[in-house]
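**Student:** Sharing a structure here in structure tokens format.
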Amino acid sequence: MSGESFERYFRMIRDDRHSRPSGRLWCPAADVYRTADGWIVKVDLAGIKPSDVEVTVDGDVLRVSGSRRDGTCGEGGSHYQLEITYSRFEKMIQFPRSIEHVQIERDYSDGLLTLRLREEQGHAKAAQR
């Protein structure tokens, strides 16, 4: 690498610190547990306000989506290092059968969204047949 190329490479690295990452969609980690009366889904949503989370059901798919925003660095500021993704997120979990008739209870604590999906008695018995 020539001296000019080397200098241009380091200039690009320094300049990159002043730009924000693209608004790419990211997918949070999730755990899914089967229980006697339905399912438990835990989604890792650190730094996200509960009001910024949407939970929907379509057939056999549970969709958790929303956005994580960075309010730390205002206009005119710059950053030194960015590793946390601040943008829209979406997690889709497909179940072995329809979950449209489940009751969903939410609990959000310490950055962890826990959803308890309880099957209604009539639908649970019909699904077992």
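The values are calculated or read from the model by the stated rules, or taken from the named source; none is laboratory data. Quantities reported herein were computed from a predicted structural model and do not represent experimental measurements. Cβ: placed from backbone, ideal geometry, glycine included. Neighbour counts: every protein chain shown. Keep in mind that these areas ignore ligands, DNA and RNA; they rest on the heavy atoms of the full protein, side chains included. Shrake-Rupley method; radii C 1.70, N 1.55, O 1.52, S 1.80 Å.
**Student:** Look at residue 106 and say whether it is open to solvent by 50 Å² or more (accessible area, probe 1.4 Å) and assigned to a strand (DSSP E or B).
**Tutor:** On the way: open to solvent by 50 Å² or more (accessible area, probe 1.4 Å): yes; assigned to a strand (DSSP E or B): yes.
Yes, satisfied.
**Student:** Out of everything in region 81-95 that is of a type outside the set (D, E, K, R) and modelled with pLDDT under 95, what residue ends up being most open to solvent (accessible area, probe 1.4 Å)?
**Tutor:** Pass one, region 81-95, residues of a type outside the set (D, E, K, R): 81-82, 84-87, 89, 92-95.
Pick out the ones that are also modelled with pLDDT under 95 and you get 81-82, 84-87.
Values: 81: 116, 82: 63, 84: 91, 85: 26, 86: 59, 87: 10 Å².
Among those residues, the one meeting the criterion is 81.
**Student:** Also: Among the residues of region 38-80, write down those that are assigned to a loop (DSSP other than H, G, I, E, B), without any contact (Cβ under 8 Å) to a residue 24 or more places away in the chain and surrounded by fewer than 11 Cβ atoms within 10 Å (Cβ to Cβ).
**Tutor:** Selection gives 71, 72, 74, 75, 76, 77.
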